[in-house]
Amino acid sequence: MSQNTISHLIHDRNARGHAQTGWLDSYHTFSFGSFYDPNRMGFRSLRVINDDRIAPGAGFPTHSHRDMEILTYVLEGAVEHKDSLGTGSVIRPGDAQIMSAGTGISHSEFNPSPTEPLHLLQIWILPDENELTPRYEQKTFPLEEKQGKLRLIAAKDGRDGAVIIHQDIDLYVSVLEDGDVVNYQVKPDRYAWLQVGRGIVNLNGEELRAGDGVQINGEEQLEISTKIGAEILLFDLA
């Protein structure tokens, strides 16, 4: 983690935790599993951002969670989801998916393709209330709604068609091409986190690459652009 300005900190992609098995190649932005860094215990209500690549035909067998908001964001490929609520779905690029574990939920996630790799971000967010009723929600957001602009995909109030998340967070995504510029004003009483999913972006004059995260510690005007193409996630946090 390196300091850029008083108002934000860069979490370098090369300082992430790393775990690799025969079928999973995973990088951890925050402390997770065997990776522990006291300076990377999450940020505000964000607790986990895992950058996972899953081999064809492989995945996570059924396991359980509770009292966590779990978001799967697919960058490449598709993931087949099954859970104890009876949900069976396939999550693809362009989808926003949220699973509120609440009092307890079990699920599995697999790469259903026999040939294509799967690249996703697994995001865990602490809920604003424990012991909630488990729930699942998934929506598709067309590329044109995210191309060169910030599209809200998850929010506590579910406005603008976003999936509902049990926390005071607004999650925006954007797919950028050469010449695209998006701007965002972080309010004085708010925080933000920028995650670069794919490509290279420029944030207020600083180059960021896929896997980099930026912790924004209060009011700041953000200008994000790219010359080669990129996909970003921007969390506006209480």
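Brief remarks on what is shown
- Single residue of segment 19-40 satisfying the filter (under 17 Å from the mean Cα position of the chain (by Cα) and modelled with pLDDT of 95 or more) that is surrounded by the most Cβ atoms within 10 Å (Cβ to Cβ): THR29
- Extreme residue, surrounded by the fewest Cβ atoms within 10 Å (Cβ to Cβ), among residues of segment 85-114 that are touching a strand residue (DSSP E or B) at 6+ places or on another chain (Cβ under 8 Å) and at positive phi: GLY104
- Single unsatisfied condition, GLY218 versus (1) part of a strand (DSSP E or B); (2) surrounded by fewer than 16 Cβ atoms within 10 Å (Cβ to Cβ): (1)
Residues are listed down the side, and each one gets a yes or a no for (1) at pLDDT 95 or above; (2) not acidic (Asp, Glu):
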| position | (1), (2) |
| --- | --- |
| GLN138 | yes, yes |
| GLN147 | yes, yes |
| LEU150 | yes, yes |
| ALA154 | yes, yes |
| ASP157 | yes, no |
| GLY179 | no, yes |
| VAL182 | yes, yes |
| ASP189 | no, no |
| TRP193 | yes, yes |
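- Within segment 53-84, considering residues that are in contact with a His (Cβ under 9 Å, 6 or more places away or on another chain) and in a loop (DSSP other than H, G, I, E, B), the one surrounded by the most Cβ atoms within 10 Å (Cβ to Cβ): GLY77
- Among residues of segment 12-43 being among the small types (Gly, Ala, Ser) and part of a loop (DSSP other than H, G, I, E, B), the one that is nearest to PRO117 (Cα to Cα) is GLY22.
- Residues located in segment 199-212, provided they are in a strand (DSSP E or B) and either more than 17 Å from LEU150 (Cβ to Cβ) or aliphatic (A, V, I, L, M) (or both): ILE200, VAL201, LEU203, GLU206, GLU207, LEU208, ARG209
The values are calculated or read from the model by the stated rules, or taken from the named source; none is laboratory data. Every value quoted in this text rests on a predicted model; they were computed, and no experiment measured them. Virtual Cβ from ideal backbone geometry, glycine too; neighbours counted across all protein chains shown.
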